[in-house]
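Reading through the structure tokens given below for one structure.
The values are calculated or read from the model by the stated rules, or taken from the named source; none is laboratory data. Since the structure is predicted, the reported quantities are computational estimates derived from the model, not experimental observations. Glycine gets a Cβ as well: all are built from the backbone with ideal geometry, and neighbour counts include every protein chain shown. Quick note on the areas: whole protein, heavy atoms, side chains included, nothing else; ligands and nucleic acids left out. Shrake-Rupley method; radii C 1.70, N 1.55, O 1.52, S 1.80 Å.
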Amino acid sequence: MDRSKTCLAVLAELKRRPDETVSGNELAAALGISRTAIWKHIRTLRSRGYHIESCAKKGYRLRAWSHSLRPEEVIPLLRTRCFGRSYEYHETIGSTNDRAMDLARTGAPHGTTIVTEEQTAGRGRLRRPWASPRGLGLYVSVILRPELPPRHGPETTLVAALALARSLRDLYALNARIKWPNDVLISGKKVAGILTEMHSDPDRIQFLVVGVGVNVLHGSEDLPADTLYPATSLALEREKVVALPSREESWPWSRPHVLAGFLNSWEELYETHMAQGLKALREDLIKVSAVLGKTVCVQVSEGLLRGIARDLTDDGALVLENQAGERVTVWVGDILHLRETGQDAPEPFSS
């Protein structure tokens, strides 16, 4: 066994016995190496951010799950066939979407996942900057090769948003909702954004790159203040949930677990989308919508539309009802404001 694999084997032994102190002799015997080699591997793991406690005359104990997004942390948690199985990890990168686009153009397979600890040029829709501080969020892009005509490409954004909202609701009891078409909100604040980029022929999609940014460990001081929507993080929202009586999490809390839970949910919903169309997910999208029934202002290519968000079509378009009672279908747009119906109308504004 080479040094890298042996180091991972040491980590696996410590993870297998998370509440125990494992002696160096036990580790050495289990892996067929010397105690000195065990000590060197422990030192390597600590340098990668693992909190491993040394107990005098007893051995070693893994004190907490790592928040590193290295493949050895994420891949063992996956239940997927394709998503995340080709996994490229970076300590820092300009943009995971840019890297994914380059890989896709050279033939990277469906499900290839690019992850980084930090982005220096992260971006969202309309090229708005996406703050990507080191070690705090999820900054991930996935290459998709769907058998779809280009007009159905935007549907994949809604599928990714639904997957993230569902995983956060199911695994951590966070009331995540979708602000059509590409944001995930908790408590009315933005916790995640999705950017989908497409390369296509006139009649078929060659590939899609779906980039997802999630605020995970951010404190209030780490969140940008000058954004269209107030921001939050999973850590801030989780503090409210874990304080509830009798609340037990069904999935461990760490960035690798959040990412793996999302990818597991996403592949399942993606396959439903490919087999049955977005219509099969429409009711689920409606249930977790943050906008339906509310008055919204939507920026479209022609200008601004105001109305009450009434419905989603089978293809994921937003149906607005204007002041005249007419219904308008919006296929592409950006919601700049939403409020409860009946509140005073907002002042005019632009993006």
Cα principal axis extents for the stretch 139-264, largest first, Å: 54, 34, 21
Descending principal axes extents, the chain, alpha-carbon based, whole Å: 79, 48, 35
Efficiency of FRET between Arg35 and Ile75 - r from beta-carbon atoms, R0 25 angstrom, step 0.05: 0.30
Residue of Arg81, Arg16, Arg105 that the Gaussian network model of the chain assigns the largest fluctuation, springs spanning Cα pairs under 10 Å: Arg16
Mean separation of Cα contacts under 8 Å, 6 or more apart, over the residue count of the chain: relative contact order %: 13 percent
Heavy-atom surface of the chain, accessible at 1.4 Å and reported per residue (Å²): 48 Å²
13 Å reach of a label modelled at Glu26, 7 Å along Cα-to-Cβ, counting backbone N of the stretch 73-97: none
Cα convex hull of the stretch 78-118, projected area averaged across orientations, nm²: 2.9 nm²
Computed [θ] at 222 nm, deg cm²/dmol, the chain (DSSP H ≥ 4; -39,500 (n - 2.57); rounded to nearest 500): -9000 deg cm²/dmol
Whole-percent carbon and sulfur share, accessible surface of the chain, 1.4 Å: 49 percent
Cβ-derived FRET efficiency at R0 41 Å, Arg85 paired with Ala225, nearest 0.05: 0.60
Cα extents of the stretch 70-187 along the three principal axes, largest first (Å): 39, 37, 33
Between 0 and 90°, nearest 10: helix 96-105 axis offset from the chain longest Cα axis: 90 degrees
Amide N proximity, the stretch 284-302 versus Lys240 label position 7 Å along Cα-to-Cβ, cut-off under 15 Å: 290
Whole-Å semi-axes of the stretch 129-208's equivalent ellipsoid (Cα gyration tensor): 26, 15, 11
Neighbour cut-off at most 11 other Cβ (10 Å), DSSP loop, trypsin sites (Lys or Arg not before Pro), the stretch 164-212: Arg204
Additional length obtainable on full extension of the chain from His152 to Lys57, 0.36 nm per residue less Cα span: 28.0 nm
Sequence-distant residues sharing a close amide H with Arg310 (under 5 Å, placed H): Gly293, Val319, Leu320, Glu321
P(r) of the stretch 202-316 over all Cα-Cα pairs, binned every 10 Å from zero, in whole percent: 9, 25, 37, 25, 3, 0
Which of Val258, Gly213, Tyr229, positive extreme of dipole for the chain (C-beta unit charges): Val258
